[in-house]
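Presented below is the structure to which this report refers.
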Amino acid sequence: MLDALGRAIVTGEFTGKTFPTEAELAQTYAVSRSVTREAVKMLTTKGLLSARPRQGTIIQPEAGWNLFDPDVLRWLLERKFSINLLRHFNELRVSIEPAAAELAARKGTPEGLAMIEAGYQRMVAAEAGQDDPLDADIAFHVAVLCAAGNPFYAQFRDVVETALRTSIRFTNRFKGRTASLPAHRAVKVAIEARDSAGAHTAMSMILREVMLLIADAERQEN
């Protein structure tokens, strides 16, 4: 029910309508009132709803939604494709991932470096048709976040993984090929060499290409 109701809110199913009462929701989704109450409570925590005495339950403006909640982000990405949302997400990546690569080069543990190596080897296998290119690319980027050794970066894991599925799928389709192995190898080699500036630059180059692809797509839309 949470998934169905959250998706309905985000995709605009209730736009211009009064949000259903607890009883109406229970009947529509064939669940108990307690289940309905819990779902509404969770959606309120995610910023999609607000419930106030004498006002009932109201859908909140999109600006108030918790975009760092993986469910909210997934629902957003599942609705009509938006280049604008894709650009916003990758602007966040530009701020986070080069810094994470820099930290991984400075502070990465053997376990963290092994995760990066494993992610890269999955990309090599994917190039040979032995792994999924999207999953392999995501594994590499998530490994860099985790190897940074900063718990706040690690907390981005679910959000980044969810959004990367749309972002990488779009950029790979737009340029007609999978992610560049040499570009990702440059990140890996710099991190392994403890070259923090080089790791930052190498990751920035990957994301610069993504932003250029998005800019090209925006020009084609206009």
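The values are calculated or read from the model by the stated rules, or taken from the named source; none is laboratory data. What you see is a predicted model, and the numbers here were worked out from it, not measured in a lab. With ideal geometry, Cβ positions are generated from the backbone for all residues, glycine too; neighbour counts draw on all protein chains shown. The area values use the complete protein model at the heavy-atom level, side chains included, leaving out ligands, DNA and RNA. Shrake-Rupley method; radii C 1.70, N 1.55, O 1.52, S 1.80 Å.
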* Structure fact -> Taking Cα atoms only, Rg over Rh for region 69-146 with Rh from the Kirkwood formula is 1.04
* Asked: If you take the beta carbon distance between residue 92 and residue 15 as r and set R0 to 41 Å, what does 1/(1 + (r/R0)^6) give as a FRET efficiency, to the nearest 0.05?
  -> 0.95
* Given charges at Cβ of Lys, Arg, Asp, Glu: the chain dipole, positive-most of 160, 217, 44 -> 44
* Asked: So for 203, 1, 42, what's the accessible-area order with a 1.4 Å probe, most first?
  -> 42, 1, 203
* Structure fact -> The distance between the Cα centres of region 22-51 and region 127-159, in whole Å, is 34 Å
* In degrees between 0 and 90, to the nearest 10, how far off the longest principal axis of the chain does helix 33-45 point, with axes built from Cα atoms? -> 50 degrees
* Structure fact -> Placing each pseudo-label 7 Å from Cα in the direction of the beta carbon, residue 131 and residue 8 end up separated by a distance in nanometres of 4.1 nm
* Asked: Under a point-charge model restricted to the Cβ atoms of Lys and Arg (+1) and Asp and Glu (-1), what is the dipole moment magnitude of the chain relative to its Cα centre, in debye to the nearest 20?
  -> 460 debye
* **Helix-only CD estimate at 222 nm, as mean residue ellipticity for the chain, using -39500 (n - 2.57) per DSSP H run (n ≥ 4)** => -23000 deg cm²/dmol
* Rounded percent of accessible protein surface that carbon and sulfur make up, the chain, 1.4 Å probe -> 54 percent
* Give or take rounding to whole Å, what are the principal axis extents of the alpha carbon atoms in the chain, in descending order? -> 62, 41, 31
* Taking the mean number of other Cβ atoms within 10 Å as a proxy for protection, how do you rank 106-112, 72-78 from highest to lowest? -> 72-78, 106-112
* Quick one: dipole size for region 69-164, taken about the Cα centre, charges +1 on Lys/Arg Cβ and -1 on Asp/Glu Cβ, in debye to the nearest 20. => 320 debye
